[in-house]
1. Those residues that are in contact (Cβ under 8 Å) with a residue 24 or more places away in the chain, surrounded by fewer than 18 Cβ atoms within 10 Å (Cβ to Cβ) and of a type in the set (Lys, Arg), I need them from the range 114-138; list them, please.
2. Consider only pairs whose beta carbons are under 6 Å apart and that are at least six residues apart or on different chains; among these, list those whose first residue lies in the range 41-56 and is over 23 Å from residue 117 (Cβ atoms) and without any contact (Cβ under 8 Å) to a residue 60 or more places away in the chain and whose second residue is hydrophobic (A, V, I, L, M, F, W, C) and assigned to a helix (DSSP H, G or I).
3. Give me the pairs: first residue in the range 81-102 and over 18 Å from residue 115 (Cα atoms) and in the same structural domain as residue 134 (by TED's automatic domain parsing), second residue surrounded by fewer than 21 Cβ atoms within 10 Å (Cβ to Cβ) and of a type in the set (A, V, I, L, M), beta-carbon distance under 8 Å, and six or more apart or on different chains, which are they?
4. Scan the range 47-61 residue by residue and report those that are touching a helix residue (DSSP H, G or I) at 6+ places or on another chain (Cβ under 7 Å) and either of a type outside the set (A, V, I, L, M, F, W, C) or at pLDDT below 90 (or both).
5. Quick one: residue 111 ticks every box in (1) exposed (fewer than 12 other Cβ atoms within 10 Å of the Cβ); (2) within 18 Å of the chain's Cα centre (by Cα) bar one, so which box is it?
6. Applying the selection to the range 102-142, what residues are among the small types (Gly, Ala, Ser) and over 14 Å from residue 84 (Cα atoms)?
Amino acid sequence: MLARDILTKLLEKLKRKHPGKVCFHRGISNEELFDRMERTLTRKRLYLDNKLSIKDVAREAASNRTYVTRVLSAKGLNFKSYINSFRIQYAIELMGNDESRNLKVGDIAERSGFASERAMNYYLVKTMGVTACMFRKRRLSPNVKDYDR
């Protein structure tokens with residue numbers, strides 16, 4: 001029996017024993033692939049590219065689009081919301097940063113990887129409940145509660 005056949009049988013056995021836990025094509029767990037994606041996105045700041053695709057992330061994580069989609073689905077996420085969570089976090093950092101105080105909201109959206117100010121506001125309202133302008137006003141005003149969640 002060839003080593004490839006042995007590995008294939010072992011992976012099939014693992015897949016039956018732990019459905020949804022092993023990515024068959026690479027023999028790594030979903031958790032491992034997700035961690036690899038997180039590290040790559042964070043370290044390389046891929047999310048700052050507004051043309052970032054699932055294929056780009058898969059390539060950087062040494063996987064493919066199908067398995068990246070599967071891993072995100074297992075976590076209850078889709079690619080767009082996953083990437084935009086990194087972008088929102090970055091935008092919030094920019095809006096709270098004194099050095100970025102004079103930036104327009106559109107510039108913050110662009111630097112954060114969003115295609116438009118409107119797209120950033122949509123995800124900001126979805127996650128924080130306020131638009132970028134409101135978030136910024138409340139963040140910079142000493143009288144209003146901080147919106148860190």
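1. Selection gives nothing.
2. As it stands, the answer is 54/68; 54/79, since those pairs meet every condition given.
3. Sorted first by the residue in the range 81-102, then by its partner, the pairs are 100/94; 101/140.
4. 47, 55, 56, 60, listed by residue number.
5. Condition (1) is where residue 111 drops out.
6. The first filter runs over the range 102-142 and keeps only residues among the small types (Gly, Ala, Ser), leaving 106, 109, 112-113, 115-116, 119, 129, 132, 141.
Answer for the range 102-142, where residues must be among the small types (Gly, Ala, Ser) and over 14 Å from residue 84 (Cα atoms): 106, 129, 132, 141.
Matching residues to (1) out of contact with any Cys (no Cβ under 7 Å at 6 or more places or on another chain); (2) within 30 Å of residue 30 (Cα to Cα); (3) part of a helix (DSSP H, G or I):
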{"site": "66", "(1), (2), (3)": "yes, yes, yes"}
{"site": "73", "(1), (2), (3)": "yes, yes, yes"}
{"site": "84", "(1), (2), (3)": "yes, yes, yes"}
{"site": "88", "(1), (2), (3)": "yes, yes, yes"}
{"site": "93", "(1), (2), (3)": "yes, yes, yes"}
{"site": "103", "(1), (2), (3)": "yes, no, no"}
{"site": "124", "(1), (2), (3)": "yes, yes, yes"}
{"site": "133", "(1), (2), (3)": "yes, no, yes"}
{"site": "138", "(1), (2), (3)": "yes, no, yes"}
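The values are calculated or read from the model by the stated rules, or taken from the named source; none is laboratory data. What you are looking at is a predicted structure, and each value in this text was computed from that prediction instead of being measured. No Cβ is skipped: glycine too gets one built from the backbone with ideal geometry, and neighbour counts run over all protein chains shown.
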